[in-house]
Amino acid sequence: MISHVPPSAALLDHARRMVPRYTSYPTAPHFSAQVTGADYGAWLARLKDTAAPVSLYLHVPFCQSLCSYCGCNTKAVRREEPVRAYAQVLAAEIALVAEQVGTTEVSHIHWGGGTPNALPPDCLEELAAALHRHFRIPAGIEHAIELDPRHLTQEGARLLAGIGITRASLGVQTLDGDVQTAIGRIQPLETVAAGFAALRAAGIAAINADLMYGLPRQTHLSIADTVRHMLDLRPNRISLFGYAHVPWMKSHQKLVVEADLPGAEARIRHAGLAREMLVAGGYVEIGIDHFALPDDSMTLARDARRLHRNFQGYTTDEAGTLLGLGASSISRTPFGYAQNAPDVAGWRRAVDAGCLPTVKGRAFAGEDALRGDVIAQLLCYFDVDLAEIAASHGAPPEALTADLDALRPFLDAGWVTFDGKRLAITSHAHEIARVVASAFDAYLGQGGRHSMAV
Ligand SMILES: C[S@@+](CC[C@H](N)C(=O)[O-])C[C@H]1O[C@@H](n2cnc3c(N)ncnc32)[C@H](O)[C@@H]1O
Ligand code: SF4
């Protein structure tokens with residue numbers, strides 16, 4: 001969508017629909033307590049005999065202060081003591097999970113949050129050492145971390161390089177002071193630029209930046225200004241997330257003044273403007289909300305159709321298993337999803353008792369894997385060969401025909417095309433890719449409230 005061409009009323013109607021982000025399929029609202037720690041343990045035991053590498057996700061649910069828009073599982077802490085206590089339990093969970101899955105090879109590590117750099121330096125070092133004690137971690141794998149630039153020092157960056165971090169994601173969101181006041185996150189350009197410089201000086205050359213649109217009081221000008229500064233700082237990847245306003249799930253989002261929020265049309269225009277500027281500035285558009293430099297591994301993975309979607313959004317990680325560690329983390333195995341207790345106290349009680357802290361999940365059944373693949377391909381490449389994908393899952397070619405009926409209005413509007421095999425979302429309808437993908441979601445409408453499609 002070109003930012004100065006107004007979106008049609010029909011497209012806007014779809015853009016306002018509330019649909020999942022599809023970082024998993026089935027999506028989290030369809031997880032249930034039927035999946036227990038015993039089930040997850042049995043899945044891990046089945047993996048023990050395979051030589052397939054796994055990837056690791058470590059969740060750190062702490063921040064120095066809460067941003068009013070935040071949708072992550074985190075809380076503000078002022079004291080170090082609860083963070084240290086958490087790190088100890090996380091080390092115990094690493095040992096517990098490794099015992100079940102064996103000394104498996106790891107292909108990718110990601111620290112997310114919250115704010116992983118809220119961990120004291122010695123805790124970060126001790127946790128990294130625990131990973132090396134319990135898993136086989138080859139040199140040179142991607143080892144990524146999410147960081148808050150307001151709390152990143154040169155010394156901190158050197159420490160991260162020392163524990164093997166190869167890629168860092170900085171939360172930028174916006175550089176507009178007025179918007180920063182509205183979201184309770186004051187972070188001048190100098191702070192962000194110092195974060196980039198500290199990482200690069202420490203030898204962490206792969207940098208991602210998170211930007212957001214749809215924030216309160218955000219305007220065309222402020223988006224343009226933020227993107228211009230990003231083009232100067234030139235991170236290897238940029239995420240452009242649409243603010244997901246879900247105050248029924250995240251009560252502190254009630255601090256966001258709803259009257260200040262841009263509507264669907266402004267959101268489409270703002271995202272379109274950022275996209276045009278980033279592409280003109282040399283970035284390649286990846287899926288619905290990512291941009292990467294042409295030589296970045298994500299661009300290469302996209303071109304080779306080896307891109308994947310996981311709970312962090314897009315990833316080059318090809319492991320079939322992601323072991324989620326820490327409160328609220330979700331693991332994905334070839335057999336299904338398992339989610340840890342979301343509250344630190346419940347998670348800690350289970351680990352202290354020597355039990356896997358799973359409280360819910362979802363075992364794959366029926367067409368889940370097929371439908372999950374269709375949705376992921378549409379969101380990764382904006383197209384999918386339905387005949388080929390059905391065949392690869394051992395399903396008859398007509399397995400997805402009924403779902404195409406739901407897309408009839410999209411075909412008539414020219415937002416999608418179908419040549420009998422390949423379904424493609426046309427470029428002026430990329431904004432509603434999640435809506436198109438949702439046509440293949442067999443569970444849509446069976447519970448769960450979501451955020452706006454655009
Ligand atoms: C874990 S934070 C990044 C690291 C660090 N905590 C920070 O904020 O600098 C992950 C990212 O999620 C995005 N995010 C958080 N809440 C969101 C929401 N409600 N809607 C869309 N994106 C959101 C932000 O872009 C944020 O940078
Ligand atoms: S956006 Fe980052 S720093 Fe802000 S509350 Fe969320 S996790 Fe914490």
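The values are calculated or read from the model by the stated rules, or taken from the named source; none is laboratory data. Everything numeric in this text was worked out from a predicted model, so none of it was measured. Every residue, glycine among them, receives a Cβ derived from its backbone with ideal geometry; neighbour counts consider all protein chains shown.
Checking the conditions here, which among A209, A224, A157, A197 is in the same structural domain as D289 (by TED's automatic domain parsing), touching a Lys or Arg at 6+ places or on another chain (Cβ under 8 Å) and either small (G, A, S) or away from ligand 2 (no atom under 16 Å from the Cβ) (or both)?
A209
Hey, could you check the range 162-200 for residues that are of a type in the set (D, E) and in a helix (DSSP H, G or I) and say which is farthest from ligand 1 (Cβ to nearest atom)?
From the range 162-200, those of a type in the set (D, E) are 176, 178, 190; that's our starting set.
Still in the running and in a helix (DSSP H, G or I): 178, 190.
On the way: D178: 18, E190: 16 Å.
Applying the filter and picking the extreme gives D178.
When residues of the range 229-257 are filtered for being in contact (Cβ under 8 Å) with a residue 40 or more places away in the chain and either in a helix (DSSP H, G or I) or within 10 Å of ligand 1 (Cβ to nearest atom) (or both), how many remain? Step through it out loud before you land on a result.
So the first thing to find is which residues in the range 229-257 are in contact (Cβ under 8 Å) with a residue 40 or more places away in the chain, and the list is 229-231, 233-246, 248-250, 252-253, 255-257.
From what's left, either in a helix (DSSP H, G or I) or within 10 Å of ligand 1 (Cβ to nearest atom) (or both): 229-231, 233, 239-246, 249-250, 252-253, 255-256.
Qualifying residue count, the range 229-257: 18.
Out of (1) within 14 Å of ligand 2 (Cβ to nearest atom); (2) among the hydrophobic types (A, V, I, L, M, F, W, C); (3) modelled with pLDDT of 95 or more, what's the single condition that is false for A244?
(3) is the only condition that A244 fails.
Failed condition for Y57, given (1) within 16 Å of ligand 1 (Cβ to nearest atom); (2) over 25 Å from G164 (Cα atoms); (3) touching a residue at least 24 places away in the same chain (Cβ under 8 Å), with all others met?
(2)
More than 16 Å from ligand 1 (Cβ to nearest atom), charged (D, E, K, R) and surrounded by fewer than 14 Cβ atoms within 10 Å (Cβ to Cβ): is that true of D49 in this structure? If you could, list the steps in order and put the result at the bottom.
Numbers: more than 16 Å from ligand 1 (Cβ to nearest atom): yes; charged (D, E, K, R): yes; surrounded by fewer than 14 Cβ atoms within 10 Å (Cβ to Cβ): yes.
Judged against the criteria, D49 is a match.
From the set of residues in the range 75-107 that are touching a Ser or Thr at 6+ places or on another chain (Cβ under 7 Å) and over 16 Å from L127 (Cα atoms), which is surrounded by the most Cβ atoms within 10 Å (Cβ to Cβ)? Lay out the reasoning, then the answer.
Here is the first cut: in the range 75-107, the residues touching a Ser or Thr at 6+ places or on another chain (Cβ under 7 Å) are 76, 106-107.
After this cut, where a residue has to be over 16 Å from L127 (Cα atoms) as well, the list is 76, 107.
Values: A76: 14, S107: 19.
This residue is S107.
Checking M277 against (1) over 30 Å from A45 (Cα atoms); (2) in a loop (DSSP other than H, G, I, E, B), which test does it fail?
That leaves (2) as the condition not met.
Does any residue of the range 89-106 turn out to be more than 22 Å from H132 (Cα to Cα) and at pLDDT 95 or above? Let's see the steps before the verdict.
Kept after step one, since they are more than 22 Å from H132 (Cα to Cα), are these residues of the range 89-106: none.
No, that holds for no residue.
Residues of the range 76-88 being within 16 Å of ligand 2 (Cβ to nearest atom), modelled with pLDDT of 95 or more and not in a helix (DSSP H, G or I), which ones? Don't jump to the end; show me each part of the working.
First, pick out the residues of the range 76-88 that are within 16 Å of ligand 2 (Cβ to nearest atom): 76-78, 82-83, 86.
If we keep only those that are modelled with pLDDT of 95 or more as well, we get 76-77, 82-83, 86.
Once the filter is applied, which keeps residues that are within 16 Å of ligand 2 (Cβ to nearest atom), modelled with pLDDT of 95 or more and not in a helix (DSSP H, G or I), the range 76-88 yields A76, V77.
Hey, can you tell me all the residues within the range 69-95 that are within 13 Å of ligand 1 (Cβ to nearest atom), closer than 15 Å to L58 by Cβ and not hydroxyl-bearing (S, T, Y)?
The answer is C72, N73.
Only one residue in A244, A224 is closer than 20 Å to I268 by Cβ, in contact with a Phe, Trp or Tyr (Cβ under 9 Å, 6 or more places away or on another chain), surrounded by 15 or more Cβ atoms within 10 Å (Cβ to Cβ) and of a type in the set (G, A, S), so which one is that? Full working, then the answer.
Working: A224 fails: in contact with a Phe, Trp or Tyr (Cβ under 9 Å, 6 or more places away or on another chain).
A244 is the lone residue from the list that is closer than 20 Å to I268 by Cβ, in contact with a Phe, Trp or Tyr (Cβ under 9 Å, 6 or more places away or on another chain), surrounded by 15 or more Cβ atoms within 10 Å (Cβ to Cβ) and of a type in the set (G, A, S).
Residue by residue through the range 23-43, note down the ones that are assigned to a helix (DSSP H, G or I) and modelled with pLDDT under 95.
First, pick out the residues of the range 23-43 that are assigned to a helix (DSSP H, G or I): 28-30, 37-43.
Scanning the range 23-43 gives A28, P29, H30.
Quick one: in the range 48-74, of everything that is part of a strand (DSSP E or B) and more than 7 Å from ligand 2 (Cβ to nearest atom), which residue is nearest to T181 (Cα to Cα)? Steps first, answer last, please.
As a first pass, look at the range 48-74 and keep what is part of a strand (DSSP E or B): 54-60, 62-63.
Filter once more, so that each one left must be more than 7 Å from ligand 2 (Cβ to nearest atom): 54-60, 62.
Details: V54: 41, S55: 37, L56: 35, Y57: 32, L58: 30, H59: 27, V60: 25, F62: 21 Å.
Ranking the candidates gives F62 first.
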